[in-house]
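The values are calculated or read from the model by the stated rules, or taken from the named source; none is laboratory data. Only a predicted model underlies this, so the values are computations on that prediction, with no experimental measurement involved. Note that we place each Cβ from the backbone using ideal geometry, even for glycine, and neighbour counts take in every protein chain shown. All accessible areas refer to the heavy atoms of the entire protein, side chains included, with ligands and DNA or RNA removed. Shrake-Rupley method; radii C 1.70, N 1.55, O 1.52, S 1.80 Å.
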Amino acid sequence: MNIQIFGTKKSFDTKKAIRYFKERNIKAQFIDLKEKDLSMGELRSIKQAVGGIDNLIDPDAKDKDALALIKYIGEDAKDINLIENPQILKTPIVRNGKQATVGYQPDTWKKWE
């Protein structure tokens, strides 16, 4: 397994996801979205695995301006805007190759083991 956890150090669910894999001795790479952005290829792969861009966006995000912008722009510009505004993504985003989840989902992760 090649687990990648995208999130922020302050996110409670991201901390729980890191702990989940650590407790099971599964190596996981943590990528802090405040330090390093998702690449376009990573975003497309995750988007395809979770069923679209709407499943990646956190409707309760604090940045209401970025949320409104994402809702009303074209599909091509949404990807670029998500990369530039990672604060509106639901976290953690946990990726295992072509599989991915958004949020804390240990039941799904058990199936990966």
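Remarks
- Protein accessible area in the chain, 1.4 Å probe - carbon and sulfur %: 47 percent
- With all protein chains kept in place, the per residue accessible area of the range 65-109 amounts to 52 square angstrom at a probe of 1.4 angstrom.
- Residue with peak Gaussian network fluctuation, the chain [Cα springs, cutoff 10 Å], from Asn55, Asn85, Asn25: Asn25
- Peptides ranked, highest mean first, by Cβ atoms within 10 Å: ranges 68-77, 11-20: 11-20, 68-77
- Angle between the chain longest axis and helix 75-84 axis [Cα atoms, degrees, rounded to 10]: 60 degrees
- Net charge over other residues, Cβ less than 14 angstrom from the Cβ of Lys9 (K, R count +1; D, E count -1): +3
- Over all pairs of different C-alpha atoms, the range 62-113 has a mean inverse distance whose reciprocal, the Kirkwood radius, equals 12.7 Å.
- Applying a DSSP loop filter and a limit of 11 other Cβ atoms within 10 Å to the GluC sites (Glu not before Pro) in the range 19-54 leaves Glu35.
- Pairs of Cα atoms nearer than 8 Å and 6+ residues apart set the relative contact order; for the chain it is 37 percent.
- Taking Rg and Dmax of the Cα atoms in Å as calculated from this structure, the corresponding entry among (1) 13.6, 43; (2) 14.7, 48; (3) 13.9, 52 is (1).
- Annotation: amide H-H contacts under 5 Å for Ile3 (H modelled 1.01 Å from N, sequence separation of 5 or more, or interchain): Gln29.
- Rg/Rh for the range 1-50 (Cα atoms only, Rh after Kirkwood) is 0.98.
- Average accessible area per residue (Å²) across the range 1-64 - probe 1.4 Å, nucleic acids and ligands excluded: 65 Å²
- Summing charges over all other residues whose Cβ lies under 13 Å from the Cβ of Lys78, with Lys and Arg as +1 and Asp and Glu as -1, gives -2.
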